[in-house]
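S.K.: The structure that follows is given in the form of structure tokens.
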Amino acid sequence: MRRLLFYCLIPFFAYTAEDDPYFAGTLLSTLPVNVAPTHWLIEPYLYIVRQTTDHLTSAQLLLQFETGLNDWIDVTLYPNFYYTHSNSHSFYLLGDTKLSFGFQVLYEEQETWIPNFRLLLEESFPTGKYDHLNPHANHADATGSGAYETSFTSVLQKTLIPFTLNLTLSYTVPTKVHVKGFNAYGGNSHTNTYLFPGQQFVGNIGIEYSLTQVWILALDLHYQHQNASSHPTPTVGLPSQNQFSIAPCIEYNPSPNFGFEIGSWFTLYTRNCSPFISAVGTIYWSF
């Protein structure tokens, strides 16, 4: 009986595609290849997040518009929108907006050790709300950092059919923030001061496994460290934070230029930050 069950499951868990699979990237990893000049990539992400300790539920719509400038530079714009709810308070708010430039260093060559390698320079603009918060909403109306944040990211990916392996490393340096009243960093109605948010490091390992040419299983292993914010007043600022999370998903990519991904993202370990569980979905279209 066990042998019969094993042979019945082989078609679902063994690579069966005759042609190369359509890998689209995991939910949390950064794409390892620039978009070509005159071409576009449009990819909306929807995150439904529940923070259990804060009793906060949010829906985030992150849009990605990417196009190539030349053979080795492309540019990406990330508008960001939120719906949040906590303690009978609901908000529709804009999040921080990001602009990124990608620099292609290496293109992968099959049958060799050469991987895809890409560097990114990203700037986040403080368009989200971060101070003058509702004191009874448990920070549900905090959707931004209040800082201009410059990020440096490297992406290394290698295809080893039926797998892809993606390593994304990112370091973010924020500017000084002026906060008033209740804000994302603490304080009270009388707060009126400056602080320096902590720098942030993010490491992500993305793994894809092809079941067929169009069906892909994917998993992200995600680590994030946030340094403590710097301010002499103990009632304002955040301590250093650590977070480890995973994001399994399934991809259906009927063509190299169009596909869907759906999965979950949840924490396994947190320190000084709230655990969360979320559902994530995305559609990508390149043309």
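The values are calculated or read from the model by the stated rules, or taken from the named source; none is laboratory data. Predicted model, so just to flag it, every value in this text is computed and none were measured. Ideal geometry is used to build each Cβ from the backbone, glycine not excepted, and the neighbour counts take in all protein chains shown.
S.K.: Which condition number does residue 116 fail, the rest of (1) in contact with a Pro (Cβ under 6 Å, 6 or more places away or on another chain); (2) farther than 27 Å from residue 32 by Cα being met?
M.R.: Against the list (1) in contact with a Pro (Cβ under 6 Å, 6 or more places away or on another chain); (2) farther than 27 Å from residue 32 by Cα, residue 116 comes up short only on (2).
S.K.: Of the numbered conditions (1) over 24 Å from residue 242 (Cα atoms); (2) assigned to a strand (DSSP E or B), residue 190 satisfies every one except a single condition; which is it?
M.R.: Evaluating residue 190 over (1) over 24 Å from residue 242 (Cα atoms); (2) assigned to a strand (DSSP E or B) leaves (2) as the failure.
S.K.: Sticking with this one: Identify, by number, the condition in (1) of a type outside the set (Gly, Ala, Ser); (2) free of Cβ contacts under 8 Å to residues at least 60 places away in the same chain; (3) surrounded by fewer than 15 Cβ atoms within 10 Å (Cβ to Cβ); (4) over 22 Å from residue 131 (Cα atoms) that residue 74 doesn't meet.
M.R.: Among (1) of a type outside the set (Gly, Ala, Ser); (2) free of Cβ contacts under 8 Å to residues at least 60 places away in the same chain; (3) surrounded by fewer than 15 Cβ atoms within 10 Å (Cβ to Cβ); (4) over 22 Å from residue 131 (Cα atoms), the lone unmet condition for residue 74 is (3).
S.K.: Given the condition in contact with a strand residue (DSSP E or B) (Cβ under 9 Å, 6 or more places away or on another chain) and within 29 Å of residue 87 (Cα to Cα), answer yes or no: does some residue in the stretch 113-126 qualify? Please lay out each step first, then the result.
M.R.: If we filter the stretch 113-126 for residues that are in contact with a strand residue (DSSP E or B) (Cβ under 9 Å, 6 or more places away or on another chain), which is where we start, we get 113-126.
Imposing the further condition that a residue be within 29 Å of residue 87 (Cα to Cα) reduces the set to 125-126.
Checking the stretch 113-126: at least one residue is in contact with a strand residue (DSSP E or B) (Cβ under 9 Å, 6 or more places away or on another chain) and within 29 Å of residue 87 (Cα to Cα).
S.K.: It is to be established whether one or more residues within the stretch 127-138 are out of contact with any Pro (no Cβ under 9 Å at 6 or more places or on another chain), of a type in the set (Ser, Thr, Tyr) and without any contact (Cβ under 8 Å) to a residue 40 or more places away in the chain. Give the steps one after another, and end with the answer.
M.R.: Narrowing the stretch 127-138 to residues out of contact with any Pro (no Cβ under 9 Å at 6 or more places or on another chain): 128-138.
This time we only want the ones that are of a type in the set (Ser, Thr, Tyr), so: 130.
Still in the list and also without any contact (Cβ under 8 Å) to a residue 40 or more places away in the chain: none.
The answer is no; no qualifying residue exists.
S.K.: Give the residue that is surrounded by the most Cβ atoms within 10 Å (Cβ to Cβ), with candidates limited to residues of the stretch 238-287 that are touching a Leu at 6+ places or on another chain (Cβ under 8 Å), in contact (Cβ under 8 Å) with a residue 40 or more places away in the chain and among the polar types (S, T, N, Q).
M.R.: That would be 282.
S.K.: Among the residues of the stretch 50-93, what is the count of those that are farther than 30 Å from residue 37 by Cβ and either among the small types (Gly, Ala, Ser) or in a strand (DSSP E or B) (or both)? Outline the logic, then answer.
M.R.: Our first condition is that a residue be farther than 30 Å from residue 37 by Cβ; within the stretch 50-93, this holds for 50-60, 82-93.
When the remaining residues are screened for being either among the small types (Gly, Ala, Ser) or in a strand (DSSP E or B) (or both), the result is 50-51, 56-60, 82-86, 88-93.
Looking only at that region, the number is 18.
S.K.: On to the next question. Give the stretch 155-184 a look and list any residue that's modelled with pLDDT of 95 or more and polar (S, T, N, Q), or say none.
M.R.: The answer is 157, 159, 164, 166, 168, 170, 172, 175.
S.K.: Of the residues 164, 150, which single one is in a strand (DSSP E or B) and surrounded by fewer than 16 Cβ atoms within 10 Å (Cβ to Cβ)? Show your work before the answer.
M.R.: Numbers: 164 fails: surrounded by fewer than 16 Cβ atoms within 10 Å (Cβ to Cβ).
Matching residue, one of 164, 150: 150.
S.K.: Additional query: Kindly indicate whether any position in the stretch 209-216 is of a type in the set (A, V, I, L, M), under 26 Å from residue 137 (Cα atoms) and in contact (Cβ under 8 Å) with a residue 12 or more places away in the chain. Can you show your working first?
M.R.: Applying the first criterion (of a type in the set (A, V, I, L, M)) to the stretch 209-216 yields 211, 214, 216.
Subset that is under 26 Å from residue 137 (Cα atoms): none.
There is no residue in the stretch 209-216 that is of a type in the set (A, V, I, L, M), under 26 Å from residue 137 (Cα atoms) and in contact (Cβ under 8 Å) with a residue 12 or more places away in the chain.
S.K.: Please find, within the stretch 98-141, the residue that is farthest from residue 25 (Cα to Cα) out of those that are of a type in the set (D, E, K, R), part of a loop (DSSP other than H, G, I, E, B) and in contact with a Gly (Cβ under 7 Å, 6 or more places away or on another chain). Show your work before the answer.
M.R.: Keep residues of the stretch 98-141 that are of a type in the set (D, E, K, R), which gives 98, 108-109, 111, 118, 122-123, 129, 131, 141.
Then keep just the ones that are part of a loop (DSSP other than H, G, I, E, B); that gives 108-109, 111, 129, 131, 141.
Now drop any that are not in contact with a Gly (Cβ under 7 Å, 6 or more places away or on another chain), which leaves 129, 131.
Numbers: 129: 31, 131: 35 Å.
Only one residue fits best here, namely 131.
S.K.: Among the numbered criteria (1) surrounded by fewer than 20 Cβ atoms within 10 Å (Cβ to Cβ); (2) at pLDDT 95 or above; (3) over 24 Å from residue 117 (Cα atoms), which one does residue 39 miss?
M.R.: (3)
S.K.: Select, from 173, 155, the only residue that is farther than 17 Å from residue 32 by Cα and assigned to a strand (DSSP E or B). I'd like the intermediate steps shown before the answer.
M.R.: Details: 155 fails: farther than 17 Å from residue 32 by Cα.
Among 173, 155, only 173 is farther than 17 Å from residue 32 by Cα and assigned to a strand (DSSP E or B).
S.K.: Now, a different point. Contact list please: Cβ distance under 6 Å, first residue in the stretch 90-104 and within 11 Å of residue 128 (Cβ to Cβ), second residue loosely packed, with under 15 Cβ neighbours inside 10 Å, pairs at least six apart or on different chains.
M.R.: 97/125
S.K.: Are any residues in the stretch 47-57 surrounded by 15 or more Cβ atoms within 10 Å (Cβ to Cβ) and either farther than 13 Å from residue 140 by Cα or modelled with pLDDT under 95 (or both), and if so, which ones? Break it down stepwise before answering.
M.R.: Taking the stretch 47-57 first, the residues surrounded by 15 or more Cβ atoms within 10 Å (Cβ to Cβ) are 47-51, 54, 56-57.
Within the stretch 47-57, 47, 48, 50, 51, 54, 56, 57 qualify.
S.K.: Quick one: would you say residue 189 is of a type in the set (S, T, N, Q), farther than 16 Å from residue 167 by Cβ and modelled with pLDDT of 95 or more?
M.R.: Numbers: of a type in the set (S, T, N, Q): yes; farther than 16 Å from residue 167 by Cβ: yes; modelled with pLDDT of 95 or more: no.
Judged against the criteria, residue 189 is not a match.
S.K.: Within the stretch 87-116, restricting attention to residues that are more than 26 Å from residue 55 (Cα to Cα) and among the hydrophobic types (A, V, I, L, M, F, W, C), which residue is surrounded by the fewest Cβ atoms within 10 Å (Cβ to Cβ)?
M.R.: 113
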